[in-house]
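The values are calculated or read from the model by the stated rules, or taken from the named source; none is laboratory data. Note that the structure is a prediction, hence the values are computed from the model and not measured. Neighbour counts are summed over all protein chains in view; Cβ atoms, including those assigned to glycine, are modelled from backbone coordinates with ideal geometry.
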Amino acid sequence: MVQLHDDVFRSLGDPTRRGLFEFLCLDGEQTVTALTERIGISQPAVSKHLGVLKQAGLVTGRQEGRHTHYTARKEALAPLIDWTQRMGGFWDSKLDDLENLLGRMDQ
Amino acid sequence: MTEVGMQLRSVVKERRFAQSPEKVWRALTQKYLIADWLMANDFKPEVGHRFVLDAEWGQITCDVLAVEPQKFLSYSWQSQGLDSVVTWTLTSTADGTHLKMVQTGFGADQELAYRGATTGWTRFLDRLEVVVCDHD
């Protein structure tokens, strides 16, 4: 059955997290400070969002002195890219069942 | 929206049935018939009605968005963090019914402008094309 990857969808369901992830994908590794300046919300808020992304496996953090540098894990996007394929398979099978039901309604 | 962006957003399925649109419509909108081919549910063909589809792996929350008997039906489909909309379009043909199902994801906040940032799903999925190509 269609088990979508909740974490990835839920994490990216938030526009701020999507923005953070997008910046990291497009511009490479960045510190919380750099991301905070860019996105225009408080540093604790940025850290909290990065924590959610990290839990979903979408970013990784690397400690260097007082700073944590974050990097996007692009391969974690696979469930998002696969969702149409998975749902496609789901609907194919459900439409087979619908066809079967319609046949029985004829009798 | 680019082609890849579009592919990431929608599932399209089309079928031809020998039965009339009236019969196909019943299968799509009567609770006990829906349960037969899709899932257990508390569907009602009334715009604004909220219903739940029971899957083995959890529940799908839906709101009826549009009902045009024997022609068009649409409901939202929210499950596991995915916000999507399912639409059914029925067309009467010489030998039965042509049915088209479209499920579109990530539509809910596409108009949302967040502090001028480029974070709408639509834009994000378009940009994802770059990310995906990069990853390959």
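The set of residues in region B:11-44 that are away from chain A (no Cβ under 13 Å) and either crowded, with 17+ Cβ neighbours inside 10 Å or at pLDDT below 95 (or both) contains only B:F43.
Taking the options A:T68, A:T60, name whichever one is surrounded by 14 or more Cβ atoms within 10 Å (Cβ to Cβ), under 20 Å from A:V32 (Cα atoms) and over 17 Å from the mean Cα position of the chain (by Cα). So that I can check it myself, show each step before the final result.
On the way: A:T60 fails: over 17 Å from the mean Cα position of the chain (by Cα).
Result of the check over A:T68, A:T60: A:T68.
For region A:74-90, the set of residues classified as aromatic (F, W, Y) and either out of contact with any helix residue (DSSP H, G or I) (no Cβ under 9 Å at 6 or more places or on another chain) or without any contact (Cβ under 8 Å) to a residue 40 or more places away in the chain (or both) consists of A:F90 only.
Can you work out which of the residues in region A:14-40 that are facing chain B (nearest Cβ under 8 Å) and crowded, with 17+ Cβ neighbours inside 10 Å is modelled with the lowest pLDDT?
Looking at the filtered set, the residue picked out is A:P15.
Please go through region B:49-73 and give me each residue that is farther than 15 Å from B:L38 by Cα and among the polar types (S, T, N, Q), ordered by number. Correct list: B:Q70 only.
Hey, among the residues in region A:12-28 that are in contact (Cβ under 8 Å) with a residue 24 or more places away in the chain and outside any helix (DSSP H, G or I), which one's nearest to A:W83 (Cα to Cα)?
Keep residues of region A:12-28 that are in contact (Cβ under 8 Å) with a residue 24 or more places away in the chain, which gives A:12, A:14, A:16-17, A:20-21, A:24-25, A:28.
Then keep just the ones that are outside any helix (DSSP H, G or I); that gives A:14, A:28.
On the way: A:D14: 18, A:G28: 25 Å.
Top of the filtered list is A:D14.
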